[in-house]
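Enquirer: A single structure is presented below for examination.
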Amino acid sequence: MPHCIIEYSKNLQKSIEPSALISVVHQAAIECGLFEPDDIRSRAVAFDDHQIRADKHSFIHVTLRIMIGRSTAQKQQLSREIMAALETLKLSSIIFSVEICDIDQTTYTKVTL
């Protein structure tokens, strides 16, 4: 049950629709084979204000919060696959980053109504 949280600079909305960005990341999470498709949760948050390198104008940072239990090799592969999916967007003057974080099951609570 990963949570795919996509943070991006709002100026990217001139080049890509947020829903398309979410779809690219969500599909990559499905295709990695580590998760049941119905368990994946994806969302995006745009930032009006940000400061990054002078020669880059935009960013996309994807955090995948996953339950403990995946090996380092699996996490590395997941990170590479998400990055490869981002690179298919063919955006320029941008910094991509991907981070895989384990969810502490002792403090995580979920309710589905």
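The values are calculated or read from the model by the stated rules, or taken from the named source; none is laboratory data. Keep in mind that this is a model prediction, so the values were computed, not measured. In this analysis, Cβ positions are derived from the backbone assuming ideal geometry, glycine residues included, and neighbour counts consider all displayed protein chains.
Enquirer: What single numbered condition from (1) surrounded by 12 or more Cβ atoms within 10 Å (Cβ to Cβ); (2) under 30 Å from THR106 (Cα atoms); (3) β-branched (Val, Ile, Thr) fails to hold for ILE52?
Expert: (2)
Results for (1) at pLDDT 95 or above; (2) out of contact with any Ser or Thr (no Cβ under 9 Å at 6 or more places or on another chain); (3) not β-branched (Val, Ile, Thr), shown as yes or no for each residue.
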position: ALA20; (1), (2), (3): yes, yes, yes
position: VAL24; (1), (2), (3): yes, no, no
position: CYS32; (1), (2), (3): yes, yes, yes
position: GLN51; (1), (2), (3): no, yes, yes
position: ASP55; (1), (2), (3): no, no, yes
position: ILE60; (1), (2), (3): yes, no, no
position: ILE66; (1), (2), (3): yes, yes, no
position: GLY69; (1), (2), (3): no, yes, yes
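Enquirer: Has region 3-11 got at least one residue that is in contact with a strand residue (DSSP E or B) (Cβ under 9 Å, 6 or more places away or on another chain), surrounded by 11 or more Cβ atoms within 10 Å (Cβ to Cβ) and of a type in the set (Val, Ile, Thr)?
Expert: Looking for residues that are in contact with a strand residue (DSSP E or B) (Cβ under 9 Å, 6 or more places away or on another chain), surrounded by 11 or more Cβ atoms within 10 Å (Cβ to Cβ) and of a type in the set (Val, Ile, Thr), one finds at least one in region 3-11, hence yes.
Enquirer: For region 14-71, which positions are in a strand (DSSP E or B) and of a type in the set (Lys, Arg)?
Expert: ARG41, ARG43, ARG65
Enquirer: Of everything in region 72-97 that's under 12 Å from the mean Cα position of the chain (by Cα) and part of a strand (DSSP E or B), which residue is surrounded by the most Cβ atoms within 10 Å (Cβ to Cβ)?
Expert: Selected residue: PHE96.
Enquirer: Could you give me the residue pairs with C-beta distances under 9 Å whose first residue belongs to region 1-24 and is under 21 Å from LYS110 (Cβ atoms), whose second residue is acidic (Asp, Glu) wherever it lies, and which are 6+ apart or on separate chains?
Expert: MET1/GLU36; MET1/ASP39; PRO2/ASP39
Enquirer: Here's a follow-up. Name the one entry in ILE40, ILE30 that is without any contact (Cβ under 8 Å) to a residue 24 or more places away in the chain and in contact with a helix residue (DSSP H, G or I) (Cβ under 6 Å, 6 or more places away or on another chain).
Expert: After ruling out the rest, the residue left standing is ILE30.
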